[in-house]
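Taken together, the values in this text are just the output of simple stated rules run on the coordinates, not laboratory data. From a predicted model like this one, the values you see are computed outputs, not experimental measurements. Methodologically, a virtual Cβ is constructed for each residue, glycine included, from the backbone with ideal geometry; neighbour enumeration extends over all protein chains shown.
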Amino acid sequence: KGYWRFFKLAVSVDKDPGKDFLDVSLALLEQVAKVLEFPVASMLPPEAFTVLRKSFDARKSQKEPKFVYTVELDVDKLLNMEPRTWDFISRLEPKIGLIEHTPHERVVGDLVNIIHDNKKSNSDGLLGENGHCSSSSSYKLPVTKTPKVAVVGSGPAGLFAALVLAEFGVDVTLIERGQPVEKRGRDIGALVVRKILQAESNFCFGEGGAGTWSDGKLVTRIGRNSGSVLSVMKTLVRFGAPESILIDGKPHLGTDRLIPLLRNFRQHLQDLGVNIRFGTRVDDLIVENGHVVGVNVSDSSGSSQFNSEKLGFDAVVLAVGHSARDVYQMLLSHNMELIPKDFAVGLRVEHPQELINTIQYSKLANEVRNGRGKVPVADYKVVEYVQGDGNNVPFTSQRSCYSFCMCPGGQVVVTSINPSELCINGMSFSRRASKWANAALAVTVSPKDFSALNFHGPLAGVEFQREFEQRAATMGGGNFVVPVQTVQDFMNNKLSGVKAANLHELFPVHITQALQHSISTFDQELPGFISNNALLHGVETRTSSPVQIPRNPDTFESTSLGGLYPVGEGAGYAGGIVSAAVDGMYAGFALAKRLDLYEDDI
Ligand code: FAD
């Protein structure tokens, strides 16, 4: 019987074997031997140790920043060593603790393998830890011989839903209003360099969704070690992500890696027979007797290849993200229930990366070497809770102000889809080599804030976002010029000389004061955060969806319209690349189950 035991290994920067950590090298084995008090490192069989996680711990409470490895030890493999080491193993037990462990996570493969192994067979519940796939409904959709499903949107949610369905043999049409990554890249280039915005091909719309020209952070709050997250990560590796994302404490891809990955994903879907229609926008749902039976689409490529078309489907997965405000409006025209939800708004702060490296690592900052060194380009995460009458302003409820979507070595990008609205976000390339670090500083807002500005109804949150996006566009003076202010001047309610913008007047006073109050506490945690070299940019509004589309938690079907499966961030069930992919994946399984394509839970 195999035993797996885990132990943590703290390795100082000078002793760290560097990027080769995936293989347990002799350098790492030496550190292992030290922790285990084993006299001769070279006698330890490398195959007995597997690195499960590598993180960089630069917390101020540490004497010095160090790498922390979580190492798994396979005792069976140690027992193959010569008998005198057995005694050593028995001495190990009190030291590292014995965990009898079914290595569940090691068994979870990528989605393609999982589905191959489980089609129409009994499975052992590999992915079912959330219970999402355990649909108890006995109702089966009235389907044609090969079920036809439209997946609307090729962001992470749509791609993973399409993958699962296509692997189960569904006739999938993936409909995307934007362009494939090759053409989209050129459109984004024109926006960045020449300020020419293509309304249907930009930072939000196009192959890969909003996360393509992004930092490609793959951190998630939905459980890093869950089978579902691991299988999404392994699927990304299948399509070209580096294996280190499976181990890295803070995995990230960067735009340059995402683009080829998406091409491979596309090729795989096409090999499965998925009909991918870029430049095609879903304008309306075709509804019969309370059931969606198809979609109306039109040409959004600008090439007028067709005007509009009606397409029939057995079911429609709606994975349109939260920038498709026209889709929310269209859903309301079908009397669908949409619920306004809390989200967060704020500003994006940009510091010289060197400053952040120095704040976080002190002397070790020069080990960063523009992303080529041993230690990762420094990031930060800060949060402050503001309650009661923080800074003399009566807050009706507790708010938090937190850093969000931090992009070390990245750039601030304009993510508007309409010239009269200005919103921003951050992206980076895999090496994170730019001289700038940026992060959103966002304050939570709720429907109470929307109604305080006279925005009511299901899309009140969208109107609230739009209000500040329009104010920011006006402050910037148009042509996608981003209004900026130094952090120092924002704190002092003074105009900066850069692009004269008084961002402290952008938001209602309680949001501005929550930001000011929080920034002053962030400066205590990260001395130097308030600086004339740090710029605030307006405006960060699309932190997560302002709307939720209610759905049945088991079947994922909309509670308002049969045959419609709202998924991902736009439906209010995800906030980030990984959680959107997981939601799309579960929706794919739930729908495949309703289509009677497999029997048991996977
Ligand atoms: P989306 O990715 O928004 O995809 C929706 C797709 O639907 C789009 O491609 C859109 O064109 C298409 N669509 C919309 N309407 C229609 C229609 N009517 N017809 C046809 N197609 C339609 N998250 C992270 O986890 N890590 C990061 O580092 C990160 N960085 C980001 C950087 C930027 C610049 C941006 C904008 C976002 C970033 N995010 C990041 C957030 C992340 O991208 C989203 O959470 C995620 O992409 C949501 O996935 P989704 O599939 O639900 O929707």
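Taking neighbour Cβ counts within 10 Å as the exposure measure, how do GLU309, GLU469 sort from fewest upward?
By the 10 Å Cβ count, ascending: GLU309, GLU469.
Taking H as built 1.01 Å from N, whose amide H comes closer than 5 Å to the amide H of VAL413, not counting residues under 5 places away?
ASN425, GLY426, MET427
In debye to the nearest 20, how big a dipole does the stretch 340-540 give about its Cα centre with +1 on each Lys and Arg Cβ and -1 on each Asp and Glu Cβ?
I would put it at about 700 debye.
Would you work out if the chain is rounded, prolate or oblate? Take a ≥ b ≥ c from the square roots of the eigenvalues of the alpha-carbon gyration tensor; rounded if a/c is under 1.5, else prolate when a/b is larger than b/c, oblate otherwise.
Details: a/c = 1.89, a/b = 1.12, b/c = 1.68.
Because a/c hits 1.5 or more and a/b fails to exceed b/c, the chain counts as oblate.
Let me see the pair-distance distribution of the stretch 263-387: every alpha carbon pair, 10 Å bin width, integer percents in order.
9, 23, 19, 18, 20, 10, 1
Which value at 222 nm does the chain reach when only helices count, each DSSP H run of 4 or more adding -39,500 (n - 2.57), with the total divided by all residues and rounded to the nearest 500 deg cm²/dmol?
The helix contribution divided over the chain gives -9000 deg cm²/dmol.
Under a Cβ-Cβ cut-off of 9 Å, what is the net charge of the residues other than THR70 that fall near it, where Lys and Arg count +1 and Asp and Glu count -1?
The answer is +2.
Rank the residues THR559, THR212, THR50 as a footprinting-exposure proxy: fewest other Cβ atoms within 10 Å of their Cβ go first. Mind dumping the intermediate values first?
Working: THR559 15, THR212 26, THR50 20.
In increasing order of surrounding Cβ atoms, one gets THR559, THR50, THR212.
Give me the extension gain from GLN329 to SER25: residue separation times 0.36 nm, minus the current Cα-Cα distance, reported in nm with one decimal.
Details: separation 304, 0.36 × 304 = 109.44 nm, distance 5.67 nm.
Taking 0.36 nm per residue and subtracting the Cα distance, the gain is 103.8 nm.
Can you list residues whose amide H is under 5 Å from VAL445's amide H, if they're 5+ apart or on another chain and H is modeled 1.01 Å from N?
Sorted by chain and number, the residues that satisfy this are PHE343, ALA344, VAL345.
Starting with the highest mean, order 343-352, 513-522 by the number of other Cβ atoms within 10 Å, averaged over the residues of each peptide.
343-352, 513-522
Based only on other Cβ atoms within 10 Å, what is the fewest-to-most ordering of PHE38, PHE450?
Final ranking by Cβ density, sparse to dense: PHE38, PHE450.
Which net charge results for the neighbourhood of ILE417, defined as the other residues with beta-carbon distances under 11 angstrom from its beta-carbon, given Lys and Arg at +1 and Asp and Glu at -1?
So the environment of ILE417 carries a net charge of -1.
Rank by packing, highest mean first: peptides 332-341, 149-158, with packing defined as the count of other Cβ atoms within 10 Å averaged across residues.
149-158, 332-341
Near GLN488, within a Cβ-to-Cβ distance under 15 Å, what is the net charge of the other residues, with Lys and Arg +1 and Asp and Glu -1?
Net charge in that neighbourhood comes out at -2.
Could you tell me which of ALA574, SER558, GLY346 has its Cα farthest along the dipole of the chain towards the positive end, charges placed at Cβ (Lys, Arg +1; Asp, Glu -1), taken about the Cα centre?
Projecting each Cα onto the dipole axis, the largest value belongs to GLY346.
Round to the nearest 0.05 the FRET efficiency obtained for ARG186 and LYS34 when R0 = 51 Å and r is the Cβ-Cβ distance.
The pair ARG186/LYS34 has a calculated efficiency of 0.45.
In nm, what is the difference between 0.36 nm times the number of residues separating ASN264 and LYS8 and their Cα-Cα distance?
88.6 nm
Return the FRET efficiency for the residue pair ASN533, THR146: r is the Cβ-Cβ distance, R0 is 56 Å, and the value is rounded to the nearest 0.05.
The calculated FRET efficiency here is 0.40.
Please list the non-local residues whose amide H lies under 5 Å from the amide H of THR280, H modeled 1.01 Å from N, same-chain partners needing a gap of 5 or more.
GLU176, ARG177, GLY178, SER300
Under unit Cβ charges (Lys, Arg +1; Asp, Glu -1), what dipole magnitude, rounded to 20 debye, does the chain have relative to its Cα centre?
1160
Efficiency by 1/(1 + (r/R0)^6): what FRET value for LYS15 and LEU453, r their Cβ-Cβ distance, R0 = 56 Å, to the nearest 0.05? Let's see the in-between values first.
On the way: r = 56 Å, r/R0 = 1.00.
Working from the Cβ atoms, E equals 0.50.
Show me the ranking of peptides 224-232, 197-205, 538-546 by mean Cβ neighbours inside 10 Å, starting with the highest.
Working: 224-232: 20.4, 197-205: 23.1, 538-546: 25.4.
In decreasing order of mean packing, 224-232, 197-205, 538-546 become 538-546, 197-205, 224-232.
With θ set to phi - 60°, apply the Karplus curve 6.51 cos²θ - 1.76 cosθ + 1.60 along the stretch 175-180 and write out the HN-Hα couplings as whole Hz, x wherever there is a Gly or Pro.
Values, residue by residue: 10, 10, 5, x, 10, x Hz.
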